[in-house]
1. Of all residues in the range A:1-17, how many are modelled with pLDDT under 95, open to solvent by 60 Å² or more (accessible area, probe 1.4 Å) and near DNA strand C (Cβ under 9 Å from one of its atoms)?
2. Condition test on B:D92, is it of a type in the set (D, E), away from DNA strand C (no atom under 14 Å from the Cβ) and modelled with pLDDT under 95?
3. Assess whether A:V78 counts as being touching a helix residue (DSSP H, G or I) at 6+ places or on another chain (Cβ under 8 Å), outside any helix (DSSP H, G or I) and open to solvent by less than 50 Å² (accessible area, probe 1.4 Å).
4. Has the range B:126-149 got any residue that is hydrophobic (A, V, I, L, M, F, W, C), within 12 Å of chain A (Cβ to nearest Cβ) and in contact with a Leu (Cβ under 8 Å, 6 or more places away or on another chain)?
5. Only one residue in B:A89, B:A22 is open to solvent by 70 Å² or more (accessible area, probe 1.4 Å) and under 18 Å from the mean Cα position of the chain (by Cα), so which one is that?
6. For residues that are hydroxyl-bearing (S, T, Y) and assigned to a helix (DSSP H, G or I), scanning just the range B:9-67, find the one that is nearest to DNA strand D (Cβ to nearest atom).
7. If you go through the range A:62-75 one residue at a time, how many are within 12 Å of DNA strand C (Cβ to nearest atom) and surrounded by 15 or more Cβ atoms within 10 Å (Cβ to Cβ)?
8. For A:S99, all conditions in the list (1) at pLDDT 95 or above; (2) touching a His at 6+ places or on another chain (Cβ under 8 Å) hold save one; what is the number of the exception?
There are 2 protein chains.
Amino acid sequence: MSTSGRGLHGRVLDTLGPEITAGGYPPGSVLRTDELAQRFDVSRSVMREAVRVLESMHLVASRRRVGVTVLPPAEWNVYDPQVIRWRLAGADRPRQLRSLTVLRSAVEPVAAGLAARNATAEQCAALTECALGMVATSRGHRLEDYLVHDTAFHRVILTASGNEMFARLGDVVAEVLAGRTHHEVMFEDPDPAAVTLHVQVAEAVREGDAARAEELTREITVGALQELDILAP
Amino acid sequence: MSTSGRGLHGRVLDTLGPEITAGGYPPGSVLRTDELAQRFDVSRSVMREAVRVLESMHLVASRRRVGVTVLPPAEWNVYDPQVIRWRLAGADRPRQLRSLTVLRSAVEPVAAGLAARNATAEQCAALTECALGMVATSRGHRLEDYLVHDTAFHRVILTASGNEMFARLGDVVAEVLAGRTHHEVMFEDPDPAAVTLHVQVAEAVREGDAARAEELTREITVGALQELDILAP
DNA sequence: GTGACGAATAAGTCTGACTTTTTGGCTCCG
DNA sequence: CGGAGCCAAAAAGTCAGACTTATTCGTCAC
């Protein structure tokens, strides 16, 4: 399911990327292209391409006579979807999930407010459909079906905001929601209050009530923060 | 001043990247690696490395027997600092600046609230110093000096929030502030009310008053939105 | 019209030789 | 004893050419 599945260099990245983002090499560690090529049994050309990609993500820096230096996490392009996936698959998944949830709590309310102003009729219809789908699947342990509608709902909100930076966070939110359903404590049916909030957000967007859409979405994200025990008194 | 200055493939990217992000090639356009290598007078190895980097930014997709296809803007990794720089240097700079300012308006207030809870003594001191610097340079057409302190102020806020996703937006905010000073209508001294707000935010953070820090920062970002004629009634 | 086969095409891969830059040590001189 | 400058090693960087593989398109038979 990884994006870099095609090509030899992609397969190298699939193991080297997670190793680095998991902290397998302390910042400042030096790798040598030739050794890596030997280790993965690929030619230097392929290895160089892989290193270039890691370099563009600011995971490593390549310098002559020194080698490929692993950079500290503060330098990483943490908004790169590939880096996000690698980190979510690694050991500090909880930490990553918390960071992203805080980001959600900042972005989504504003996005919902903008959506109330800018959403097209089609987007309003899609939003209502998602909300109804959430209601329909909110009981009877249909968590997977619920997740589909929930993810679609938030994706429509972000897209309908009309802001491309928000729209591109759709995948991130999808990862967070999937992570919550699959790995966190979520064996029971979703909170009925949360479901109601989603329906009300769809209403507010449809009616063009930006302030209400923003406030209701804020309540949703506050709930998400509380689920992860992130204080917000 | 570009990050990819070193290396031949970096020089290729410095011209090919901006060309693509400026919309020089319609989505779906097909480039051939060999032709590009000829055009830039580099070997195919170097050209392939450059294409790999563009591919990791989701600007292009490379497929066998077809070539290097330019992807539509909706696919681009718009959070990649390199992509942001390329787009800010291009024709749709105003559009980009507006998108980023909306993002700021969502993120910075929340970050300020978190900073009020998490900032260290050193960060509080740095914040106060920045605010005082802004006051000192807010009169007498010292726009460049003011920009330095303003940029530092917002960077400290984002870092002090303790959230790595927020912290990594420091460079983006710096670009937006610099763009406002250098290319927008900003010949006069900064708005005294905005300067005061920054001082008050520093106070609120120092006192640990999260709600007040958030609200004051929201006022700052509302001002930034109004400067770009982005409605927020 | 549809399906299968085959040829053309462009990316993908590998190899080996060569270049360039940087660093670390070594010498030589003050 | 210390510092400036030089030299050699090391690793990334670059290049050229040959070969492989997957994909697409055209053609031909059914």
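The values are calculated or read from the model by the stated rules, or taken from the named source; none is laboratory data. As the structure is a prediction and not an experimental result, all values here were calculated from the model. Here Cβ is always computed from backbone atoms with ideal geometry, including for glycine, and neighbour counts include all displayed protein chains. Ligands, DNA and RNA are stripped out before the accessible areas are found, and what is left, the full protein with its side chains, is counted by its heavy atoms. Shrake-Rupley method; radii C 1.70, N 1.55, O 1.52, S 1.80 Å.
1. Our first condition is that a residue be modelled with pLDDT under 95; within the range A:1-17, this holds for A:1-7.
Going one step further and asking which of them are open to solvent by 60 Å² or more (accessible area, probe 1.4 Å), we end up with A:1, A:3, A:6.
Subset that is near DNA strand C (Cβ under 9 Å from one of its atoms): A:6.
Residues flagged as modelled with pLDDT under 95, open to solvent by 60 Å² or more (accessible area, probe 1.4 Å) and near DNA strand C (Cβ under 9 Å from one of its atoms) within the range A:1-17 amount to 1.
2. Numbers: of a type in the set (D, E): yes; away from DNA strand C (no atom under 14 Å from the Cβ): yes; modelled with pLDDT under 95: yes.
Considered against the rule, which asks whether it is of a type in the set (D, E), away from DNA strand C (no atom under 14 Å from the Cβ) and modelled with pLDDT under 95, B:D92 comes out as yes.
3. Values: touching a helix residue (DSSP H, G or I) at 6+ places or on another chain (Cβ under 8 Å): yes; outside any helix (DSSP H, G or I): yes; open to solvent by less than 50 Å² (accessible area, probe 1.4 Å): yes.
Yes.
4. Just the residues of the range B:126-149 that are hydrophobic (A, V, I, L, M, F, W, C), to begin with: B:126-127, B:130-132, B:134-136, B:143, B:147-148.
Next, only the ones that are within 12 Å of chain A (Cβ to nearest Cβ) stay: none.
No, there is no match, as no residue in the range B:126-149 is hydrophobic (A, V, I, L, M, F, W, C), within 12 Å of chain A (Cβ to nearest Cβ) and in contact with a Leu (Cβ under 8 Å, 6 or more places away or on another chain).
5. Values: B:A22 fails: open to solvent by 70 Å² or more (accessible area, probe 1.4 Å).
Every option except B:A89 fails the conditions.
6. Here is the first cut: in the range B:9-67, the residues hydroxyl-bearing (S, T, Y) are B:15, B:21, B:25, B:29, B:33, B:43, B:45, B:56, B:62.
When the remaining residues are screened for being assigned to a helix (DSSP H, G or I), the result is B:15, B:21, B:33, B:45, B:56.
Values: B:T15: 14, B:T21: 22, B:T33: 11, B:S45: 4, B:S56: 16 Å.
Among those residues, the one meeting the criterion is B:S45.
7. Let us first name the residues in the range A:62-75 that are within 12 Å of DNA strand C (Cβ to nearest atom), namely A:62-67, A:69.
Imposing the further condition that a residue be surrounded by 15 or more Cβ atoms within 10 Å (Cβ to Cβ) reduces the set to A:62, A:67, A:69.
Counting residues in the range A:62-75 that are within 12 Å of DNA strand C (Cβ to nearest atom) and surrounded by 15 or more Cβ atoms within 10 Å (Cβ to Cβ) gives 3.
8. (2)
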